[in-house]
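Everything below concerns the one structure shown next.
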Amino acid sequence: MFYKDLSSFKSKIAVTTLSNSTETEWDKDISNEVNKDDSQSQQRVSFLIDTLVNLHKSENPDDSLKTICQQLHENDPIDNILPNSQAIPTIIQYLHDRKKEFVLHALIALNKLVRVSPYTCQIICSNPTAFLFCELLNDSYYIDQLGLLLSFVVTKDDSLAQNLVVHGNILSILMEIFNHANEDNFVKLLNYFYTIFSNLKPEFFKSKESTIGGVKVISLPVPLLQEYIFSHNHSIIIPLLRIYLIVIQNWETELVRCLPPNIVHHLVKILYNAEKLDEIGTRIALKELLKIVRIWMLTYATNTNFISDFENIYQQLIDGLFNQIEKSPVALPDILEIFSTIANYENTSSILVRNHHLNQLMEQYNNFNYEMKFHFLTVFFRSSIHSPQQVIENCSNIIDTLLLDSFDTFADLNFDKYINEIEAFLKAIYSLSTINRDLITIFDYNELLEFLEKCKNVPRLFYLSQKIIDHYMEDDDVPDEEYL
């Protein structure tokens with residue numbers, strides 16, 4: 001063995017997280033020994049292949065695992081020999097060993113191999129191996145390496161995610177482990193749960209296999225969600241919100257029970273009335289929460305009681321965001337992006353416009369830099385597209401300024417780079433002018449026509465530009481008097 005006892009080995013292990021590489025101190029110093037000279041590189045590959053082919057006969061398998069990690073490089077042609085060797089089955093067999101550090105070394109080797117060998121991923125995705133991984137998860141000693149391995153492979157082959165759930169019962173095992181995990185391990189397990197859960201295909205949740213012991217797979221995280229949704233810890237709340245999002249996207253008939261209004265109100269209170277939004281974690285959580293609230297509202301948009309609930313939720317949400325504009329200027333792009341999302345749906349944009357929030361934002365407009373003005377104009381465009389009547393009725397004092405300012409800005413922009421913004425601008429013009437045709441008279445006739453003709457040269461903008469021209473000149477073939 002490399003290390004005489006467990007404690008000395010632990011001191012060598014650098015704990016990794018989902019976002020880091022799979023390297024530990026055990027294999028970090030190894031990679032530094034590799035000679036990159038071409039001739040020696042051929043010797044290295046030859047030695048690596050020989051070690052893999054003869055691994056099942058090795059008298060010192062731990063040393064062989066170290067050699068594999070030392071010699072293995074990206075793009076090494078090992079998949080040419082692995083299918084005809086016993087290397088991967090042998091390493092997987094090592095996972096049954098009673099020596100913990102040896103099992104950990106086998107996991108480290110697998111973590112290296114899956115990143116260069118699709119064949120290894122394929123073997124790992126088999127049912128028996130999936131069950132073995134689930135058993136190992138019960139021991140926190142393997143959490144880092146095993147979690148990294150599973151998190152990588154499920155994104156490469158979704159069959160592993162399904163095997164882990166159906167044959168390995170991994171979600172139920174994870175639910176049990178949560179009960180006695182310390183906070184660090186809890187967060188890691190939560191991220192592993194999310195990674196596996198999110199790699200299950202939507203149709204899986206409707207299949208016969210999506211039931212374990214009579215319990216729907218989609219319902220498994222619900223107790224976890226209900227217990228920990230009140231956490232103030234961003235590292236817990238963010239993956240939890242993302243798991244929630246999958247639940248409500250795939251379990252529509254039980255949606256109300258999954259996401260009662262009091263929980264939504266609580267989350268809004270925590271996140272939107274935070275002391276400051278300077279923390280990136282808080283802002284990420286804001287966006288995840290907004291997705292959940294929006295989906296829930298759109299699903300029950302016809303139910304009067306739910307609309308009433310969401311009026312209150314969105315009003316509280318918006319009030320909190322306005323409070324943060326002064327408190328957390330660094331978060332302003334995120335705040336405006338959230339307003340932009342609210343403005344992008346008819347039900348929510350009407351709340352934004354009807355309660356004069358666009359007018360409130362306009363008070364800050366002259367203080368915005370160029371980028372912030374772009375963000376705000378997106379809020380205005382989307383509101384105009386989805387709630388034009390209410391924009392006309394409630395924002396009459398700012399419409400002219402924003403349309404003219406937008407036109408002056410967009411007329412000289414690179415159409416390819418800003419096509420989304422220009423398209424939104426054109427949609428806003430058309431949407432507003434179909435309700436009040438006089439709005440279009442604020443533009444210089446010839447300049448607008450020239451701009452629209454230029455837009456028609458872009459295929460994506462052609463139809464929209466032509467519609468505006470047709471609407472603009474629908475009464476006459478010549479400009480109205482006010483243009484002359």
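The values are calculated or read from the model by the stated rules, or taken from the named source; none is laboratory data. Owing to the predicted nature of the structure, the values given are computational and were not obtained by experimental measurement. When we count neighbours, we look across all protein chains shown, and the Cβ atoms used for this are built from the backbone with ideal geometry, even at glycine.
When region 453-470 is limited to residues that are without any contact (Cβ under 8 Å) to a residue 24 or more places away in the chain and part of a helix (DSSP H, G or I), the one that is surrounded by the most Cβ atoms within 10 Å (Cβ to Cβ) turns out to be Ile469. Would you call Ser58 small (Gly, Ala, Ser), more than 41 Å from the chain's Cα centre (by Cα) and either in the same structural domain as Val116 (by TED's automatic domain parsing) or surrounded by 13 or more Cβ atoms within 10 Å (Cβ to Cβ) (or both)? Considered against the rule, which asks whether it is small (Gly, Ala, Ser), more than 41 Å from the chain's Cα centre (by Cα) and either in the same structural domain as Val116 (by TED's automatic domain parsing) or surrounded by 13 or more Cβ atoms within 10 Å (Cβ to Cβ) (or both), Ser58 comes out as yes. Looking across region 116-168, just one residue is over 24 Å from the mean Cα position of the chain (by Cα), among the acidic types (Asp, Glu) and either outside any helix (DSSP H, G or I) or surrounded by 24 or more Cβ atoms within 10 Å (Cβ to Cβ) (or both), and that is Asp139.
In region 313-364, the residue that is surrounded by the fewest Cβ atoms within 10 Å (Cβ to Cβ) out of those that are among the aliphatic types (A, V, I, L, M) and in contact with a His (Cβ under 6 Å, 6 or more places away or on another chain) is Ile318.
The requirement of being among the hydroxyl-bearing types (Ser, Thr, Tyr) and at pLDDT below 90 is fulfilled nowhere in region 446-467; no residue meets it. Screening Pro61, Pro77 for residues that are touching a residue at least 12 places away in the same chain (Cβ under 8 Å) and more than 15 Å from Leu110 (Cα to Cα) leaves exactly one candidate, Pro77. Residue count for region 398-440 satisfying the condition of being surrounded by 15 or more Cβ atoms within 10 Å (Cβ to Cβ), over 35 Å from the mean Cα position of the chain (by Cα) and farther than 22 Å from His357 by Cβ: 2.
Restricting attention to region 202-243, the residues that are assigned to a strand (DSSP E or B) and either in contact (Cβ under 8 Å) with a residue 40 or more places away in the chain or of a type in the set (A, V, I, L, M) (or both) add up to 2.
For region 65-88, the set of residues classified as of a type outside the set (A, V, I, L, M, F, W, C) and surrounded by 15 or more Cβ atoms within 10 Å (Cβ to Cβ) consists of Lys66, Thr67, Gln70, Gln71, His73, Asp76, Ser85, Gln86, listed by residue number. Restricting to region 471-484, give me the number of residues that are part of a helix (DSSP H, G or I) and either at pLDDT 90 or above or surrounded by 10 or more Cβ atoms within 10 Å (Cβ to Cβ) (or both). Number satisfying all stated conditions: 3.
Of all residues in region 179-194, those that are touching a residue at least 12 places away in the same chain (Cβ under 8 Å) have Cβ atoms under 7 Å from Cβ atoms of residues that are charged (D, E, K, R), 6 or more apart or on another chain, in Tyr194/Arg242.
Do you know which of the residues in region 179-201 that are in a helix (DSSP H, G or I) and charged (D, E, K, R) is modelled with the highest pLDDT? Here the answer is Lys188.
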